[in-house]
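Below is one structure; the comments refer to it alone.
No value in this document is a laboratory result; all are computed from the given coordinates. Fair warning: this is a prediction, and the values are worked out from it, not measured in the lab. All Cβ positions, even for glycine, are placed from backbone atoms using ideal geometry, and neighbour counts span all protein chains on display.
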Amino acid sequence: MDEFTAKLLKATLRAFYHSRLDELLASVTRGAGAIFMLHHVVPAPPPAFAPNRILTITPKFAEFVLDYVTGRGFDILSMDEAWERMQSPARHDRPFAVFTFDDGYRDNIAHAPPVFRRFEAPMLIDAAPDFCDHQDRAWWLTLEAVLSKADRISVPFDEGVRESGLPTTDKKYAAFRVIYSWLHAMPDVEIHAHVDRWAGESGIDVARGAGQVW
């Protein structure tokens with residue numbers, strides 16, 4: 001999801017919330033429940049350059065969502081409980097919510113559990129085995145770290161090497177969008193070769209920092 005789409009989605013959801021249109025349409029649009037797919041949980045809002053911010057929430061935001069969901073009569077269930085309810089022929093008048101955290105980032109353990117414990121709510125962390133074994137890594141985070149630190153970057157596109165200056169936050173965002181799309185079409189081994197080279201040129205230790213999950 002690019003930055004424009006993310007902003008548009010956020011604005012649409014905000015309009016639904018403040019107009020209370022979500023409540024008016026609930027009877028015809030709401031199913032048996034909802035599954036929230038989350039990623040990063042960090043204690044402070046993202047910095048100015050944070051192209052992966054769509055994947056990030058704060059503990060305060062998590063608390064707001066849990067309060068909002070429980071206040072509207074949702075039962076917060078584990079994935080197993082939700083599956084059992086979906087398979088049950090009995091009618092349940094209360095909708096359910098399940099909270100999942102994809103990939104298994106360290107910050108899930110550090111910042112999410114205290115909030116969920118206050119609500120006595122279960123949370124599911126989907127840890128990616130290749131990330132845990134350090135056979136793979138979140139290269140999009142490394143790319144963000146590279147562009148955040150670098151003043152310029154050299155990219156060997158198919159039509160030739162392009163040298164791009166990164167003097168402003170807007171330039172960094174533009175570079176991230178183009179490079180991310182270019183890399184995303186490649187096999188993982190080629191992606192890591194490019195990103196690791198840029199990380200080395202920027203003095204970023206991939207093995208110890210950006211791009212690692214566990």
- Task: In nm, give the distance between the simple-model label positions of residue 161 and residue 80, each being 7 Å from the Cα along the Cα-to-Cβ direction.
- Result: 5.6
- Simple Cβ-charge dipole of segment 139-201, Lys/Arg +1 and Asp/Glu -1, about Cα centre, in debye nearest 20: 240
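Please arrange 56, 100 by how many other C-beta atoms lie within 10 Å of their C-beta, fewest to most.
So the residues, fewest neighbours to most, are 100, 56.
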- HN-Hα J in Hz across segment 145-157 - Karplus 6.51, -1.76, 1.60, θ = phi - 60°, x for Gly and Pro: 5, 4, 5, 5, 8, 7, 8, 7, 9, 10, 10, x, 4
- Query: Across the chain, how many lysine pairs separated by 8 or more positions, or lying on different chains, have Cα atoms within less than 27 Å?
  - Reply: 9
- Rounded to the nearest 0.05, FRET efficiency between residue 109 and residue 72 (Cβ-Cβ, R0 35 Å) equals 0.80
- Query: Roughly how tilted is helix 169-184, in degrees to the nearest 10 and between 0 and 90, from the longest Cα axis of the chain?
  - Reply: 90
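So what is the relative contact order for segment 139-201, in percent, with contacts set as C-alpha pairs under 8 Å and at least six apart? Write down the numbers at each step before the final one.
Numbers: 49 pairs, mean separation 22.5, N = 63.
After rounding, I find 36 percent.
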- Message: Taking 8 Å as the Cα distance limit and 6 or more residues as the minimum spacing, I'd like the relative contact order of segment 31-127 as a percentage.
- Response: 38
- Note on the structure: Mean-square fluctuation maximum in Gaussian network of the chain, Cα pairs under 10 Å, restricted to 144, 159, 81, hits 159
- Out of these labelled values of semi-axes √(5λ) of the Cα gyration tensor in Å, [x] 25, 20, 16; [y] 37, 20, 16; [z] 30, 17, 17, which was calculated from the coordinates shown here? [y]
- Quick one: putting +1 on the C-beta of Lys and Arg, -1 on the C-beta of Asp and Glu, what dipole do you get for the chain around its Cα centre, in Debye to the nearest 20? 860
- Note on the structure: Connecting every pair of Cα atoms under 10 Å apart in the chain and solving the GNM, the largest mean-square fluctuation among 58, 12, 142 falls on 12
- Dividing the mean separation of Cα pairs under 8 Å (6+ apart) by the residue count of the chain yields a relative contact order in percent of 20
- Which longest uninterrupted range of the chain lacks any trypsin sites (Lys or Arg not before Pro) assigned by DSSP to a loop state (not H, G, I, E or B) and surrounded by at most 15 other Cβ atoms within 10 Å? 92-207
- Expected max-MSF residue from 154, 19, 78 in the GNM of the chain (alpha carbon, under 10 Å) is 19
- Query: What value, in deg cm²/dmol to 500, does the helix sum -39500 (n - 2.57) over DSSP H runs of n ≥ 4 give at 222 nm once divided by the residues of the chain?
  - Reply: -14500 deg cm²/dmol
